[in-house]
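Accompanying notes for the structure given below.
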Amino acid sequence: MTALLLLLLAQGPGPAAVPEALAEGDAHYALRHEGARGGAADPHRIDLAIAAYRRALSAAPDDRAALTRLLRALFFRGAFCGATAAEQKAIYEEARGRGQAAVDRLEAPLRGRPDAERLAALRAIPHAALTYFWTAVHWGQWALARGKLTAARQGVAGRVRDLAETVIALDPALEEGGGYRVLGRLHDESPRIPFVTGWVSKRAGLEALRKAYAAGPTNPVTWFFLGEAIVEHDAPRRAEGLALLRRCAESPPRADYLVESAHYAELARARLARER
């Protein structure tokens with residue numbers, strides 16, 4: 001065996017291995033619904049997808065396509081596979097750490113630039129908006145796993161807000177209005193603490209969720225978030241909120257989001273039962 005071959009083996013797989021690992025991960029991710037019972041998935045397929053995406057990211061640590069796929073898969077693993085509280089904390093800890101490190105790398109050369117220049121530079125970077133989006137999602141999930149009040153006092157709400165607002169500025173249509181959806185849910189769910197989260201506004205949450213609905217009117221997550229927010233905070237439009245919850249509860253699952261649709265349908269049915 002030549003010295004060069006030994007060196008290559010010692011270094012492990014390089015960037016050339018990334019497309020194969022991503023394709024493998026994508027194939028498993030597309031089958032993440034296998035063995036699911038309603039809104040609870042069997043973790044077998046998503047665990048295989050996560051392993052493949054980690055392998056791709058190990059081969060190319062700065063590959064944002066690999067990173068955002070891994071963050072997406074980790075979100076599914078934490079939210080839709082019956083993970084325990086301890087498992088969720090570990091999943092979201094890994095994901096928010098990876099995502100925030102990538103955001104920090106993107107922001108480092110842009111510090112001090114006017115916001116218009118900063119956003120123009122980020123728009124030119126492939127997968128930048130997705131990096132901010134999934135990082136925002138995982139900071140939010142991490143906050144829920146740790147406790148809303150604790151996370152708010154640690155400044156997590158402001159971090160999620162800033163990430164979501166960057167997503168909206170870069171690509172308001174991303175993930176069917178995903179930036180607006182995250183921002184709206186943040187305002188709806190975050191505790192309002194003077195001098196900490198005094199900027200939290202239920203009205204702003206409703207406005208953001210309505211924009212998410214306009215960007216993705218067939219998204220069942222938005223139906224649930226907006227419907228619940230209207231019922232909670234907009235009494236004159238309560239009937240509209242209940243109609244959205246019923247739509248979420250009764251619509252057939254989307255073919256591309258079978259488990260996710262079923263999960264939010266279950267939440268909507270539970271919420272409707274409490275409103276009777």
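The values are calculated or read from the model by the stated rules, or taken from the named source; none is laboratory data. Just so we're clear, the structure is a prediction, and the values are computed from it rather than from any experiment. All Cβ positions, glycine included, derive from the backbone under ideal geometry; neighbour counts span all protein chains shown. Quick note on the areas: whole protein, heavy atoms, side chains included, nothing else; ligands and nucleic acids left out. Shrake-Rupley method; radii C 1.70, N 1.55, O 1.52, S 1.80 Å.
Report the calculated FRET efficiency for Asp62 and Asp26 (r = Cβ-Cβ distance, R0 = 25 Å), to the nearest 0.05.
Details: r = 20 Å, r/R0 = 0.78.
So, using R0 = 25 Å, E works out to roughly 0.80.
Placing +1 at every Lys and Arg Cβ and -1 at every Asp and Glu Cβ, with all other atoms neutral, what dipole size does the stretch 26-76 have around its Cα centre, in debye to the nearest 20?
Details: 8 positive and 6 negative charges, 15 e Å.
In debye, rounded to 20, the stretch 26-76 gives about 80.
Rounded to the nearest 500, what is the chain's calculated 222 nm mean residue ellipticity when only DSSP H runs of at least 4 contribute -39500 (n - 2.57) each, over all residues?
Working: 14 runs with 197 residues, N = 276.
Calculated mean residue ellipticity at 222 nm is -23000 deg cm²/dmol.
Mind jotting down the distance between the C-alpha centroids of the stretch 252-267 and the stretch 165-205, whole Å?
23 Å
How large a share of the accessible area of the chain, in percent, is made up of carbon and sulfur atoms when the probe is 1.4 Å and the other protein chains stay in place? Please list the in-between numbers first.
Details: 7590 of 13460 Å².
That share works out to 56 percent.
When the Kirkwood radius is taken over all Cα pairs of the stretch 163-219, what Stokes-Einstein diffusion coefficient follows at 37 °C and 0.692 mPa s, in µm²/s? The partial results should precede the final answer.
Values: Rh = 11.3 Å.
So the translational diffusion coefficient is about 292 µm²/s.
Diagonalise the Cα gyration tensor of the chain and give the resulting equivalent ellipsoid semi-axes, square root of 5 times each eigenvalue, largest first, whole Å.
On the way: eigenvalues 227, 114, 53 Å².
Equivalent ellipsoid of the chain: 34, 24, 16 Å, largest first.
What Rg and what Dmax come out for the stretch 192-247 when only alpha-carbon atoms are used, in angstroms?
Reported Rg and Dmax, both Å: 12.1, 38.
Suppose every Lys and Arg Cβ carries +1 and every Asp and Glu Cβ carries -1, with no other charges. What dipole size does the chain come out with about its Cα centre, to the nearest 20 debye? Walk me through the intermediate numbers first.
Values: 38 positive and 32 negative charges, 160 e Å.
About 760 debye.
Which listed residue (Ala56, Ala102, Val182) has the Cα farthest towards the positive end of the charge dipole for the chain, taking +1 on Lys and Arg C-beta and -1 on Asp and Glu C-beta about the Cα centre?
Working it through, the farthest residue towards the positive pole turns out to be Val182.
For Asp42 and Ala255 in the same chain, what is the full-extension length gain: residue separation times 0.36 nm, less their Cα-Cα distance, in nm?
Length gained, Asp42 through Ala255: 75.0 nm.
Please label the shape of the stretch 66-113 as rounded, prolate or oblate, based on the square roots a ≥ b ≥ c of the eigenvalues of the alpha-carbon gyration tensor (a/c under 1.5 means rounded; beyond that, a/b larger than b/c means prolate, else oblate).
Values: a/c = 4.37, a/b = 2.56, b/c = 1.71.
The shape class here is prolate.
Scaled to the compact-protein estimate 2.2 N^0.38 Å, what is the alpha-carbon radius of gyration of the stretch 205-276, rounded to two decimal places? Each step should come with its number before you reach the end.
Details: Rg = 11.4 Å, N = 72, 2.2 N^0.38 = 11.2 Å.
The stretch 205-276 yields a ratio of 1.02.
In nanometres, what is the gap between the two model label sites at Ala273 and Arg238, each 7 Å from Cα along Cα-to-Cβ?
Output for this residue pair reads 2.1 nm.
Quickly rank 223-233, 117-127, 85-95, 262-272 as a protection proxy: mean count of other C-beta atoms within 10 Å, highest first. Can you show the working numbers first?
Values: 223-233: 22.5, 117-127: 13.7, 85-95: 17.2, 262-272: 19.1.
Highest mean packing first, the order is 223-233, 262-272, 85-95, 117-127.
Cα gyration tensor of the stretch 158-256, axes a ≥ b ≥ c as square roots of the eigenvalues: rounded (a/c below 1.5), prolate (a/b > b/c) or oblate?
On the way: a/c = 2.41, a/b = 1.26, b/c = 1.92.
Judged from the Cα gyration tensor, the stretch 158-256 comes out oblate (a/c at least 1.5, b/c at or above a/b).
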